[in-house]
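Reviewing the structure listed below.
A short reminder: the numbers here are calculations on the coordinates, not readings from a lab. Please read all numbers here as calculations on a predicted model, not as lab measurements. Glycine also receives a Cβ, built like all others from the backbone with ideal geometry; neighbour counts cover every protein chain displayed.
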Amino acid sequence: MRLTKRDGEIFRFLLDQKFASIEVIYLRFFDRRSKSTDPFPPQLYVTRQRLGLLAKEGFLKTERVYTEPKSLYLLGNGGYQYLKQHSSDPPYAIPVKSVDFRNYLHDHRVTHCRIALERARRAFGWISERRIRMKGFEVKGQRFPDSVIPDGIFLSSKGQRVAFEIESSDRKLSRFESKALEYECLISRGFLDRVLWISCDAPIQKALTKVAGRNPHFTLGTYQEFHNQLFPGGK
């Protein structure tokens, strides 16, 4: 089977994000619509066909979670070996063996937000949480501290280093305050320039607004905003 540059990019994406739905892979790698409001192609046939071939040859694998009607795609051993042999940036870890359902919804939302930011050209050179944890991350020769590990780090269109953080579950206000102070410390030490902090429901949004709403280093947003960018028809 002849692999393409896009196939290698899919393998790298799945190594970073752990898993992805067919809709996510379509939006990230196959979307040729002129407008995001245009309907998806019927059955996402081209995407489905290519992913099916890659899975058949062992480059990808599929898994179901009981809350979703469709299979999810994970990096298979073949895709991992391809990255080892052909990538200028060798894989920093082996693929995940399965979807950890405890973190499924959180990871799924992070991936949606990443794609929305990249499609809007608001994020470049995304560094995933998994990569930071497994390989570390350096800024001007200094290793990024493990006091707080964001869900991603990217460069903005202005070249600022931004930490991405999404909150999917309620926490005590003091925990949000503590996290904000940790990020402020990282900013003062030159590891970051800004933090994009996303809430997944109204109570979390209210808490984050109270903690960081007036802080110029923080930009607050909601997951629904990003979801609507990808699926404006409410898909």
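Quick one: compute the contact order of the chain, relative version, from alpha carbon pairs under 8 angstrom and 6+ residues apart, as a percent.
Details: 314 pairs, mean separation 39.2, N = 235.
Rounded, it is 17 percent for the chain.
Please compute the contact order of region 26-77 in relative form: average sequence separation of alpha-carbon pairs under 8 Å and at least six residues apart, divided by the residue count, as a percent.
Values: 35 pairs, mean separation 12.5, N = 52.
24 percent.
Let me test this: with uniform point scatterers at the alpha carbons of region 5-97, what is the Debye-based log₁₀ I(q)/I(0) at q = 0.10, 0.18 1/Å?
Debye output, listed in q order: -0.26, -0.80.
For the chain, set up a GNM with springs between Cα atoms under 10 Å and report which of Gln17, Gln49, Gln205 has the largest fluctuation.
Top of the fluctuation ranking is Gln49.
At a temperature of 4 °C and a viscosity of 1.567 mPa s, determine how fast region 106-230 diffuses translationally according to Stokes-Einstein, using the Kirkwood radius over alpha-carbon pairs as Rh; express D in µm²/s, rounded to the nearest whole number. Provide the component values of the computation, followed by the final result.
Values: Rh = 14.7 Å.
Answer from the Stokes-Einstein relation: 88 µm²/s.
Over region 5-97, what is the mean sequence separation of C-alpha contacts under 8 Å (at least six apart), divided by residue count, expressed as relative contact order in percent?
Values: 102 pairs, mean separation 32.2, N = 93.
Reported relative contact order: 35 percent.
Suppose we keep just the DSSP beta bridges with both residues in the chain; what percent of those would be antiparallel, to 5? Let's see the in-between values first.
Working: 14 of 25 bridges.
Of all bridge pairs located within the chain, approximately 55 percent are antiparallel.
Taking every pair of alpha-carbon atoms in the chain, what share in percent sits in each 5 Å bin, from 0 to the bin with the longest distance?
Percent of Cα pairs in each bin: 1, 6, 13, 17, 19, 17, 13, 8, 4, 1, 0.
Which length gain, in nm to one decimal place, applies between Val46 and Ile149 when the Cα-Cα distance is subtracted from 0.36 nm times their residue separation?
Details: separation 103, 0.36 × 103 = 37.08 nm, distance 3.65 nm.
Contour length minus the Cα-Cα distance gives 33.4 nm.
Need the C-alpha centroid separation for region 156-214 versus region 38-73, integer Å.
Cα centres, region 156-214 to region 38-73: 34 Å.
Taking the chain as a Gaussian network, Cα atoms linked when under 10 Å apart, which of Lys179, Lys206, Lys158 shows the biggest mean-square fluctuation?
Highest fluctuation of the listed residues: Lys158.
Of the candidates Ser88, Ser169, Ser157, which one comes out as most mobile in a Gaussian network treatment of the chain with C-alpha springs shorter than 10 Å?
Of the options given, Ser88 has the highest mean-square fluctuation.
Please give me, ordered by residue number, the trypsin sites (Lys or Arg not before Pro) of region 95-143 that lie in loop per DSSP and have at most 10 other Cβ atoms within 10 Å. The partial results should precede the final answer.
Details: sites: Lys97, Arg102, Arg109, Arg114, Arg119, Arg121, Arg122, Arg130, Arg131, Arg133, Lys135, Lys140, Arg143; in loops: Lys97, Arg121, Arg122, Lys140.
Loop-located and lightly packed - Lys97, Arg121, Lys140.
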